[in-house]
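Before any comments, here is the structure.
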Amino acid sequence: MSDKIESRLQETRRFSPSKKFSDSAKIKNVDDYKALYKQSIEDPEAFWREQTRDLVFRAPFTKFSEWTLPHAKFFVGAKLNLTESCLDRHLTTDVRNRAAIIWEGEPGETRTLTYFELHREVVRLSAALTDHGVKAGDRIAIYMGMVPEAVVAMLACARLGATHSVVFGGFSSEALRDRINDCQAKVLITQDGAWRRGNVVPLKKLADAAVAHTPSIERVVVFSRMGNDACPVTMTEGRDIWWSDLLSHPASEASLKNARSPEAFDAEHPLFILYTSGSTGKPKGVLHSTAGYLAGAHVTAKYIFDLKPTDLYWCTADIGWVTGHSYIVYGPLSNGASCLLYEGAPNAPDPGRFWKIIERHGVTVLYTAPTAIRAFIRWGNEWPAKYDLSSLRLLGSVGEPINPEAWMWYRNIIGQERCPIVDTWWQTETGAVMLTTMPGAHATKPGSTGLPFFGVDIDVVKDRGESCGANEGGKLIIRKPWPSMARTLYGDDARFHEAYWSQMPGVYFTGDGARRDEDGYFWVVGRIDDVLNVAGHRIGTAEIESALVSHPAVAEAAAVGKPDELKGQALVVFVTLKGGIKGDDAMKKSLGEHIDKEIGKFARPDQVRFADALPKTRSGKIMRRLLRDVAAGVAETRGDTSTLEDLSVLATLRGDEE
Ligand code: WTA
């Protein structure tokens with residue numbers, strides 16, 4: 001691929017939505033966007049009151065917001081059961097019989113759940129969970145693949161006021177165990193296995209290994225996706241129960257009553273924990289609360305995807321990441337949208353799978369990641385060319401910076417020059433999209449994430465907090481709290497302050513670098529802290545390093561990113577081994593397998609390099625910038641890089657600059 005992210009500096013192309021698209025869009029022109037944006041900043045209370053009118057509140061807020069940083073509250077005093085906005089409110093309208101979820105399994109079977117059916121399943125599961133002792137405030141871990149039951153499980157927790165912690169199905173047993181122990185989850189909801197590229201991911205087996213070391217887990221609920229032939233499992237008596245058995249016993253009257261007319265919770269009631277990587281230490285349990293999060297997910301989904309009753313909307317993210325939470329579950333369902341859910345890999349059984357799904361179901365809005373787009377480019381245009389993509393009307397990108405070449409391919413080959421592209425920038429911590437274009441209003445520029453969403457006071461600043469000039473690179477920060485922001489890190493409020501609110505007084509630091517051009521468009525470069533974004537997966541260098549040093553042969557390790565044409569960034573690790581141990585291919589393999597086990601296969605290093613010592617400053621800090629240069633091939637080491645590298649020479653040359 002010829003262009004790099006840097007080529008975005010020279011990018012001058014722009015594309016405007018067609019008149020046809022704009023005429024039917026919710027935000028039709030720049031003036032409408034500006035007027036609403038102005039209101040959202042100057043009178044946020046009026047803006048959010050108006051924009052959340054169709055959500056269900058049992059008691060209205062008495063004060064819109066109050067904050068003493070880093071803590072903020074929104075919709076103060078409001079009471080709600082969030083699932084009523086996603087389910088119950090649709091039962092009295094013509095949304096009732098509309099598909100909420102159209103699911104396609106990797107082998108090709110499909111299932112549809114209407115809003116009526118989704119509501120019924122959520123009520124049944126929440127009643128059954130109540131009978132098994134689940135109460136408001138409990139933590140429930142969910143370790144599932146992409147099946148409708150994962151959505152049912154999340155909503156059933158939310159209905160009961162139990163805080164869900166979804167753990168991505170690609171995480172290892174160890175990673176699951178740590179996340180369960182960190183939040184002391186009482187119940188684990190999982191499934192026997194899931195299909196991934198023709199293979200069975202044995203989720204229950206992996207869960208068993210985790211639960212052997214999680215004393216807080218009282219019950220494991222197992223959804224049967226595969227059946228005993230494809231994926232036999234062992235059920236532990238007294239602890240494990242099949243999902244179908246759980247639902248086959250009629251729930252008690254009291255629990256059913258409570259599930260049908262659920263309790264209303266405070267606006268700030270914790271809704272979910274989602275673990276994500278930071279620049280130091282163990283994963284952070286990002287905690288989101290109820291009303292503000294729902295409001296953010298609802299309003300962004302509505303305007304950015306311009307959702308209409310005729311749409312079939314497909315977000316290809318996994319439910320285990322924040323994109324799955326906000327844009328598979330809470331955002332689209334609170335808007336009554338019909339969502340496609342696909343279980344498997346994009347190249348199963350062949351690289352045409354996504355396009356086949358679009359043709360088969362008539363998908364109109366596609367929301368995916370740059371890494372996927374770059375993989376599609378590599379697989380060749382003959383795959384999309386085989387299918388009818390004329391149903392598509394809007395495309396979205398998320399998760400990492402998109403290079404202009406990938407953007408243009410997405411526009412020309414998938415969107416057939418007809419579909420606007422929204423490149424949405426946001427984070428697990430922001431809960432909802434912060435930067436985007438409005439598809440019917442704004443011209444788009446390949447590689448730019450556009451403008452601030454409503455209510456978002458965002459800027460690019462220098463180290464001391466003063467705004468950068470046009471096209472000047474700096475740190476991306478948010479100046480004021482916003483409704484869907486994370487409320488804290490579960491069990492570690494001090495770290496919440498330290499990680500986001502301590503760099504510059506009174507502002508939220510995103511960890512990203514960016515610039516803003518002369519039209520006010522943002523161009524996000526990527527992380528400038530020690531967090532990597534490998535194929536759209538957020539990986540903390542500290543986590544990789546601590547996993548590596550837990551390997552018996554490793555003395556010291558440093559993980560850095562290196563530009564990669566397919567994955568955006570590739571993970572390179574420099575390792576020094578304990579005395580006398582040889583750094584050979586067998587050791588590389590062993591270290592890779594160790595990461596699979598400690599974190600998950602998606603975090604496996606792309607390159608393992610052995611060094612006799614790591615370059616350090618006089619104060620003992622590893623010189624990461626130097627290692628990044630070595631990894632990228634900018635700086636050469638003297639040693640033979642395939643065996644042992646002499647990095648000390650470079651360290652001496654560079655001095656103590658970091
Ligand atoms: C990066 C995913 C450029 C960014 C929703 C951010 C992006 C991190 C974009 C958050 C985008 C996300 N353009 N970079 N459109 N979207 N990022 O928490 O570095 O998994 O800080 O949330 O992904 O990753 P997270």
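No value in this document is a laboratory result; all are computed from the given coordinates. Keep in mind it's a predicted model, so treat the numbers as computed, not measured. For neighbour counting, all protein chains shown are included, and Cβ atoms are generated from backbone atoms with ideal geometry for every residue, glycine included.
Here are a few things to note about the model shown:
- Point-charge dipole on Cβ atoms (K/R +1, D/E -1) for the stretch 551-655, about Cα centre, debye to 20: 420
- Electrostatic dipole magnitude of the chain [Cβ: Lys, Arg +1; Asp, Glu -1; Cα centre; debye, to 20]: 700
- A simple spin-label model places pseudo-atoms 7 Å from Cα toward Cβ; at TRP379 and ASN228 they are separated by 3.6 nm.
- Loop-located GluC sites (Glu not before Pro) in the stretch 55-141 (DSSP state other than H, G, I, E, B) with a sparse environment of at most 16 neighbouring Cβ atoms within 10 Å: GLU109.
- Hits among lysines - C-alpha to C-alpha of LYS597 under 26 Å, sequence gap 8 or more where chains match: LYS186, LYS204, LYS205, LYS282, LYS284, LYS562, LYS567, LYS578, LYS582, LYS588, LYS589
- Take the Cα of GLU42, go 7 Å toward its beta carbon, and the backbone nitrogen atoms of the stretch 435-479 under 20 Å from that spot belong to 452-458, 479.
- Projecting label points 7 angstrom from Cα along Cα→Cβ for ASP517 and ALA59 puts them 5.0 nm apart.
- Between the alpha-carbon centres of the stretch 475-532 and the stretch 389-422 there is a gap of 27 Å.
- Of the DSSP H helices in the chain, those whose Cα atoms cover at least 15 Å axially and whose Kyte score averages 0.0 or more: 115-131, 148-160, 291-304
- The chain - Rg (one decimal) and Dmax (whole number), Cα, Å: 24.3, 75
- Relative contact order of the chain: 14 percent, from C-alpha pairs under 8 Å at least 6 residues apart in sequence.
- Magnitude of the charge dipole for the stretch 509-584, about its Cα centre and with charges confined to Cβ atoms of Lys, Arg (+1) and Asp, Glu (-1), is about 280 debye.
- For the stretch 229-238, 3J(HN,Hα) per residue [Karplus equation, 6.51 cos²θ - 1.76 cosθ + 1.60, θ = phi - 60°, Hz, x = Gly/Pro]: 5, 6, 8, x, 10, 9, 9, 8, 4, x
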